[in-house]
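Input: a single structure, listed below in structure tokens.
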Amino acid sequence: MIQRPKGTADILPEDMNLWHYIEETARRVLDQYRYFEIRTPMFESYELFSRGVGETTDVVSKEMYDFYDKGDRHIALKPEGTAPIVRAYVENKLYAPEQVKPYKVYYMGPMFRYERPQSGRLRQFHQIGVEVFGEASAAKDVETIALAMDLFKSLNIQHIKLVINSLGDIDSRLAYRQALIDYLTPFTDELSEDSKTRLHKNPLRVLDSKDKKDIEIVANAPSILDYLSEESTKRFNEVQSLLTALGIEFEIDSNMVRGLDYYQDTIFEIMSEDKVFGAQTTICGGGNYDGLVQEISDGKESVPGFGFGLGIERLILLMKAQAVAVPEMHALDVYVVNIGEGTDEAAMKIMQHIRHAGFSADRNFSGAKPKKQFKDANKLGADLVVTIGESELENNQITIKHMASGKEAAYPLERFANDFTEIYKELNK
């Protein structure tokens, strides 16, 4: 039997209520912050990620799904959301003077990375992310972090913490790069093979290593915060001050670098220590990428950017573990029970009338016995059950039952056709 590819999942209808709740809650919060949805292709040029994300990152060097298409173009399924958004921003000239600044967008959709499947980590996974362009300031950084925290608050997620760091500007990075090389060089023989390769190409990547020995070595590495320029220091201090002013608690981790090369200055992660993950796990992360627009536009445009992404699958695991109450997103308003062969046409008309009045309606089409139909109505969580049988047709009326209260009443078909909205309100008092 053909099965789904390893590292993918079928999202069945019974699972979608939670997905829709997360997405609709996110859209509501994002609207409050005035972000607008953007959608980019599922695949992009390989070069977009090799240049934008970084050749030495695990994402590009190990995890990316890439291939040559029939036109011999090197293509990649998108492994992350920021680089495609920046490409769209540059290609569509969204930096033009007539555009309102800052330019704020969000995305929701699947990403693809070839990695070992585990709980909350799939090869096709889904992200919600935001990107804001046009301002280089601590205030922009903090507003975006506050948005991420508000998303978790709106979903009633508990026991999370915010961790921040600064990677500094280009001058800061260059100074720190050499200090890190000087520190790590004596440990070269002890480093993992990946870290040996990265030591002189991109030493900051060594800080992101998951190898146990590497982690022990970098624990005593120099802090990048000691190498920040005056401007980067000022910005990071302002970020801390503004977070404190908003009552947002945070920790500083000077070894945090994030997994993508385009970050600089403020970066952050939101972490959970919930037992469902077995260890402290990042559930949201992002930061500043002031140089990425310039890189993607071949130096033609220089526009600051800041963003974050969060994984929906991990979020769902966390919500289930914390037993977060989720309302029914697609409640059934009315279930129609028809009894007798001559009532099928009337049941169809009644259902269409209910739908056209703005309510949801369903029924059984197999001619099942009334007991089975009422059982289905209860299983589907119907608010009201409308019964139409031969006796109702003869008397030109319809019977409606409110399932929660058990209240039942008969109404003339004419009134049902003209005033169903009022009838619905009466029965739900």
Original post:
Relative to the present Cα-Cα distance, how much length would full extension add between LYS425 and LYS371 at 0.36 nm per residue of separation?
Top reply: 16.8 nm
Subject >> Net charge, GLN294 excluded, C-beta distance under 10 Å - Lys, Arg +1, Asp, Glu -1 >> reply: -3
Original post:
What list of whole percents do you get for P(r) of the range 180-305, with Cα-Cα distances grouped in 10 Å bins up to the one holding the largest distance?
Top reply: 11, 34, 36, 18, 2
Subject >> Anchor LYS196: lysines whose Cα lies under 20 Å away (excluding residues fewer than 8 positions away in-chain) >> reply: LYS62, LYS210, LYS212, LYS213
Original post:
What is the projected area of the convex hull of the Cα atoms of the range 109-187, averaged over all directions, in nm²?
Top reply: 9.0
**OP:** Using label points projected 7 Å from each Cα along Cα→Cβ, tell me how many nm separate ASN378 and ILE170, to one decimal.
**Re:** 7.1
Original post:
Within the accessible area of the range 334-428, what % is carbon and sulfur when the probe is 1.4 Å and the other protein chains stay in place?
Top reply: 49
Subject >> In the range 328-411, chymotrypsin sites (Phe, Trp or Tyr not before Pro) in a DSSP loop with at most 15 other beta-carbon atoms within 10 Å >> reply: PHE365
Subject >> the range 334-428, relative contact order [Cα under 8 Å, separation at least 6], % >> reply: 28
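Can you pull out the trypsin sites (Lys or Arg not before Pro) in the range 15-52 that DSSP calls coil and that have at most 13 other Cβ atoms within 10 Å?
Working: sites: ARG27, ARG28, ARG34, ARG39, ARG51; in loops: ARG34, ARG39.
Sites meeting the loop and neighbour criteria: ARG34, ARG39.
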Subject >> Computed Rg/Rh of the range 19-145, alpha carbon atoms with Kirkwood Rh >> reply: 0.99
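Among rounded, prolate and oblate, which fits the range 334-428 when a ≥ b ≥ c are the square roots of the eigenvalues of its C-alpha gyration tensor, a/c under 1.5 means rounded, and a/b larger than b/c means prolate?
Working: a/c = 1.40, a/b = 1.09, b/c = 1.29.
Since a/c stays below 1.5, the shape of the range 334-428 is classed as rounded.
Under the 0.36 nm per residue contour assumption, what length would be gained going from the current alpha-carbon distance of LYS93 and THR185 to full extension?
Working: separation 92, 0.36 × 92 = 33.12 nm, distance 4.42 nm.
Result for the pair: 28.7 nm of gain on full extension.
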Original post:
Can you put PHE67, PHE112 in order of accessible area, largest first, using a 1.4 Å probe?
Top reply: PHE67, PHE112
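When the gyration tensor of the chain is built from Cα positions, what are the square roots of 5 times its three eigenvalues, in whole Å, from largest to smallest?
Details: eigenvalues 583, 104, 91 Å².
Taking √(5λ) for each Cα gyration eigenvalue gives 54, 23, 21 Å.
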Subject >> Computed E for GLU273/LYS62 - FRET, C-beta separation, R0 30 angstrom, nearest 0.05 >> reply: 0.65
**OP:** Give the carbon-plus-sulfur fraction of the accessible surface of the range 214-288 in %, rounded to a whole number; probe 1.4 Å, heavy atoms of protein chains only.
**Re:** 45
Subject >> Solvent exposure of the chain as accessible area per residue, Å², 1.4 Å probe >> reply: 51
Original post:
If you keep only loop residues by DSSP, which trypsin sites (Lys or Arg not before Pro) in the range 199-293 have at most 13 other Cβ atoms within 10 Å of their Cβ?
Top reply: LYS210
Original post:
Given labels modelled 7 Å from the Cα in the Cβ direction, how far is it in nm from LEU12 to HIS200?
Top reply: 5.6
Subject >> Computed label-point distance, nm, for sites SER45 and ASN156 using a 7 Å Cα→Cβ extension >> reply: 4.8
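The values are calculated or read from the model by the stated rules, or taken from the named source; none is laboratory data. In this text the structure is predicted, and so the values were computed from the model without any measurement. FYI the Cβ positions are ideal-geometry reconstructions off the backbone, even for glycines, and counts take in every protein chain you see. The area values use the complete protein model at the heavy-atom level, side chains included, leaving out ligands, DNA and RNA. Shrake-Rupley method; radii C 1.70, N 1.55, O 1.52, S 1.80 Å.
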